[in-house]
Amino acid sequence: MSIASNLKNIQTILPKHVTLVAVSKTKPISDLQEAYDAGQRVFGENKIQEMAEKWEKLPKDISWHMIGHVQRNKVKYMAEFVELIHGVDSVKLLKEIDKQAQKYNRVINCLLQLKIAEEDSKFGMTPEEVSTLLCSEELLQLKHVKIIGLMGMATFTEDIQQIRKEFKFLKTTFNKLQQQHPKLEIVSMGMSGDYQLAIEEGSTMVRIGSSIFGARNYTATN
Ligand SMILES: *Cc1c(COP(=O)(O)O)cnc(C)c1O
């Protein structure tokens, strides 16, 4: 199957309110160009420098999403162009994003990463931490970042009930927070293996890589 037909197949089953982020990490420019030519405009990458290189080479109407864990010292390489940062998990990181966005006179949209998986992943906040951050004085000082939703990654498992439970937890947390923070609008959850489940549980943004571009071939450098 070609990239264009994979995209088309996915787009036909996605409800209108769900945004498709085409996850192009490790893939060559030619693959991204093919997706672009098929109409795709939102791309997700998990390495800042790789994303910056692709941004330089590809058409400027692409919306670039950083979906990986962000190292603070690399925020400067994407501040000029990144549209949405999915995996924000601390005030410290938000401060750096704010500082770098200010240099370009931009406001950078961010999602807070909620820890939903049971496996011992290092990243993600608890609902209490998210709530505290959203109400904090510190956040009010940051004029160049805007938190517009939550992101989560389910446990890597075949157990559908487990995955469903984790997505439900993300959506329920989102709904509670949204009552006090109406600016929250995005629920980023679902990947190639579980996006239909994620949509059933209320996802508004899915991040799909291998079902569009094929399996990734990891080498020592990625
Ligand atoms: C790689 C990645 C994806 C896409 O994974 P696929 O299984 O290839 O669809 C989605 N989200 C994040 C955070 C990723 O790192």
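The values are calculated or read from the model by the stated rules, or taken from the named source; none is laboratory data. In this text, all values refer to a predicted model and were calculated from it rather than measured experimentally. Using ideal geometry, Cβ is built from the backbone for each residue, glycine included, and neighbour counts are taken over all protein chains shown. Side chains included, ligands, DNA and RNA excluded: accessible areas come from the protein's heavy atoms. Shrake-Rupley method; radii C 1.70, N 1.55, O 1.52, S 1.80 Å.
So, with a 1.4 angstrom probe, what is the percent of accessible area on the chain that is carbon and sulfur?
Values: 5620 of 11320 Å².
Of all accessible area on the chain, carbon and sulfur atoms account for 50 percent.
Rounded to the nearest whole Å³, what is the per residue volume of the convex hull around the Cα atoms of the chain? Present the calculation step by step, with values, prior to reporting the outcome.
Working: hull volume 28.2 nm³, N = 222.
Dividing the Cα hull volume of the chain by its residues yields 127 Å³.
Once the cut-off is 23 Å, how many percent of the Cα-Cα pairs in the stretch 20-134 end up in the long-distance tail?
Working: 2092 of 6555 pairs.
Beyond 23 Å sits 32 percent of the P(r) for the stretch 20-134.
List the relative contact order of the stretch 1-80 as a percent without decimals, with contacts defined as Cα pairs under 8 Å and 6+ residues apart.
Details: 78 pairs, mean separation 22.5, N = 80.
Once normalised by length, the contact order is 28 percent.
Under 1.5 on a/c is rounded, so check that first for the stretch 144-183, then, if it is not, pick prolate when a/b is larger than b/c and oblate when it is not; a ≥ b ≥ c are the square roots of the alpha carbon gyration tensor eigenvalues. Intermediate results must be reported in sequence, preceding the final value.
Details: a/c = 6.44, a/b = 2.05, b/c = 3.14.
Oblate, because a/c is 1.5 or more while a/b does not exceed b/c.
Search the structure for amide H atoms under 5 Å from the amide H of Ile147, placed 1.01 Å from N in the peptide plane, and list their residues when 5 or more places away or on another chain.
Cys110
Hey, what number do you get for the chain at 222 nm if only DSSP H runs of n ≥ 4 count, each worth -39500 (n - 2.57), divided across all residues, to the nearest 500?
-11500 deg cm²/dmol, from helical runs alone.
For the stretch 75-153, what are Rg and Dmax over the alpha carbons, in angstrom?
Spelled out, the Cα radius of gyration and Dmax of the stretch 75-153 are 12.5, 39 Å.
Any idea what % of Cα-Cα pairs in the stretch 113-219 are farther than 18 Å? Working shown, then result.
Values: 2951 of 5671 pairs.
Percentage above 18 Å: 52.
Please compute the length gained on full extension between Asp120 and Ala215, using 0.36 nm multiplied by the number of residues separating them and subtracting their Cα-Cα distance. If you can, show how the numbers build up before the last one.
Details: separation 95, 0.36 × 95 = 34.20 nm, distance 2.47 nm.
Gain in length upon complete extension: 31.7 nm.
Sequence neighbours fewer than 8 away in the same chain don't count; with that in mind, list the lysines whose C-alpha is under 19 Å from Lys103.
Those lysines meeting the cut-off are Lys74, Lys76, Lys92, Lys95, Lys143, Lys146.
Taking the Cβ of Lys183 as the centre, find all other residues whose Cβ is under 15 Å away and add up their charges (Lys, Arg: +1; Asp, Glu: -1). Spell out each step's value before the answer.
Values: positive: Lys143, Lys146, Lys176; negative: Glu185.
Once all neighbours under 15 Å are counted, the net charge is +2.
Write down the accessible area per residue of the stretch 64-142 in Å², having rolled a 1.4 Å probe over the full set of protein chains. The partial results should precede the final answer.
Details: 3920 Å² over 79 residues.
Averaged over the residues of the stretch 64-142, the accessible area is 50 Å².
Measure out, as a whole number of angstrom, how far apart the alpha-carbon centroids of the stretch 144-222 and the stretch 67-112 sit.
Cα centroid of the stretch 144-222 versus Cα centroid of the stretch 67-112: 19 Å apart.
How many nm separate the modelled label positions at Thr155 and Lys103, each set 7 Å beyond the Cα in the direction of the Cβ?
4.2 nm
I want to make sure I understand the PRE zone here: with the label point 7 angstrom from the Cα of Ser90 toward its beta carbon, which residues in the stretch 63-77 have backbone N atoms less than 11 Å away?
70-73
Could you give log10 I(q)/I(0) at q = 0.15, 0.21, 0.24, 0.26 Å⁻¹ for the stretch 7-86, computed by the Debye formula over C-alpha point scatterers of equal weight, without solvent?
The Cα Debye sum returns log10 ratios of -0.51, -0.94, -1.17, -1.33.
Would you mind getting me the FRET efficiency between Ile148 and Glu53? Use the beta-carbon distance for r and R0 = 25 Å, nearest 0.05. Can you show the working numbers first?
Working: r = 26 Å, r/R0 = 1.05.
After rounding, the FRET efficiency stands at 0.40.
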